[in-house]
1. Using the beta-carbon distance between TYR47 and HIS151 and R0 = 25 Å, what value does 1/(1 + (r/R0)^6) give for FRET efficiency, to the nearest 0.05?
2. Within 11 Å, Cβ to Cβ, of ALA30, how many net charges do the neighbouring residues add up to if Lys/Arg are +1 and Asp/Glu are -1?
3. Would you grab the residues whose amide H sits under 5 Å from the one on THR202? Only those 5+ places off in sequence or on another chain, please, with H modelled 1.01 Å from N.
4. Counting only other residues whose beta carbon sits under 12 Å from that of ARG78, what net charge do I get with K and R as +1, D and E as -1?
5. Once you have the Cα-Cα distance between MET181 and GLU111, take 0.36 nm times their residue separation minus that, and quote the gain in nm to one decimal.
6. Whole-Hz Karplus ³J(HN,Hα) for the range 78-90, in order, using 6.51 cos²θ - 1.76 cosθ + 1.60 and θ = phi - 60°, x for Gly and Pro?
7. I'd like to check one number: the per residue accessible area of the chain, probe 1.4 Å, reported in Å² as a whole number.
8. For the range 158-238, state which chymotrypsin sites (Phe, Trp or Tyr not before Pro) are in a DSSP loop and have at most 11 other beta carbons lying within 10 Å of their beta carbon.
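The values are calculated or read from the model by the stated rules, or taken from the named source; none is laboratory data. All figures in this text were calculated on a predicted structure; none of them were measured in a lab. Neighbour counts are summed over all protein chains in view; Cβ atoms, including those assigned to glycine, are modelled from backbone coordinates with ideal geometry. Accessible surface areas use protein heavy atoms only, side chains included; no ligands, DNA or RNA. Shrake-Rupley method; radii C 1.70, N 1.55, O 1.52, S 1.80 Å.
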Amino acid sequence: MHDLRSGRIAAWNESARFPAASTVKLGVLAAALDRYGPRPERSPLVYDMQTIASWSSNLAANRLLKLVGSGDLSLGRRTVEERLRRMGATRSTYPGEYRVGTSRSRAVQREPPLVSARTTTARDLGRVLTSLHAAATGSARARARTRLSRHEARVGIAMLLRSVPRADNVGLFRPALPARMPAAQKHAWISSARHSAAVLYTARGPVVVVVLTYRESLTLSAAQQLAQRVLRVAALSR
């Protein structure tokens with residue numbers, strides 16, 4: 001958790017690697033915003049960018065991965081991982097394409113079992129969203145780091161603000177947040193892991209919150225209960 005107005009940070013287990021699921025699609029989104037700028041919202045690929053942000057489409061992520069690599073999947077993978085590193089995600093990986101069709105369906109002391117080569121950490125995702133938000137507000141340093149113009153970053157934030165709160169994609173935070181609080185968020189889920197990473201635009205200023213959860217046969221409601229406790233401690237819940 002990072003309060004972007006005050007600079008205060010709080011974290012637990014933030015550098016532990018988790019199965020990333022769809023969270024690292026943020027790297028594909030950033031690479032596509034750059035590739036199809038300076039007006040990405042006018043690109044013929046805007047639908048794929050929006051569905052990555054709003055519903056986490058695997059098919060859209062795979063199409064964009066190939067395109068940002070100019071038809072070369074290996075180059076696309078390296079491009080996305082390089083973009084994630086530039087935005088601060090130093091322990092995140094993007095090993096290749098996703099299986100088409102997004103799934104809807106033990107306490108962690110250090111790191112959960114790595115059930116996939118696609119990994120990330122809470123710290124990495126927090127840095128990515130902090131970089132994207134800072135670029136969107138005009139920070140020259142963040143624009144250089146993300147290689148996004150202010151407009152391109154703002155388009156990315158706007159796409160994440162339109163995340164569709166339906167089924168598993170409601171994520172971990174929305175049920176506990178005030179109804180009118182804008183949240184630029186990215187969710188991910190597999191059978192044993194459920195994650196949410198968001199910039200919450202609160203009355204006191206923007207706050208980046210990331211919660212990664214892991215347990216065998218983890219339900220959405222169980223993961224939401226943990227996230228709600230985190231939000232309550234931070235005085236962000238209803």
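1. Step by step, r from the Cβ atoms, then E = 0.85.
2. After counting each charged neighbour, the total is +3.
3. Counting only residues 5 or more places away or on other chains, the set is VAL207.
4. Once all neighbours under 12 Å are counted, the net charge is 0.
5. On the way: separation 70, 0.36 × 70 = 25.20 nm, distance 3.18 nm.
Net length gain for the segment: 22.0 nm.
6. Running phi through 6.51 cos²θ - 1.76 cosθ + 1.60 with θ = phi - 60° gives 5, 5, 5, 5, 5, 5, 4, 5, 4, 8, x, 8, 7 Hz.
7. Working: 10860 Å² over 238 residues.
It amounts to 46 Å² per residue over the chain.
8. When the chymotrypsin sites (Phe, Trp or Tyr not before Pro) of the range 158-238 are filtered for loop state and at most 11 Cβ neighbours within 10 Å, nothing remains.
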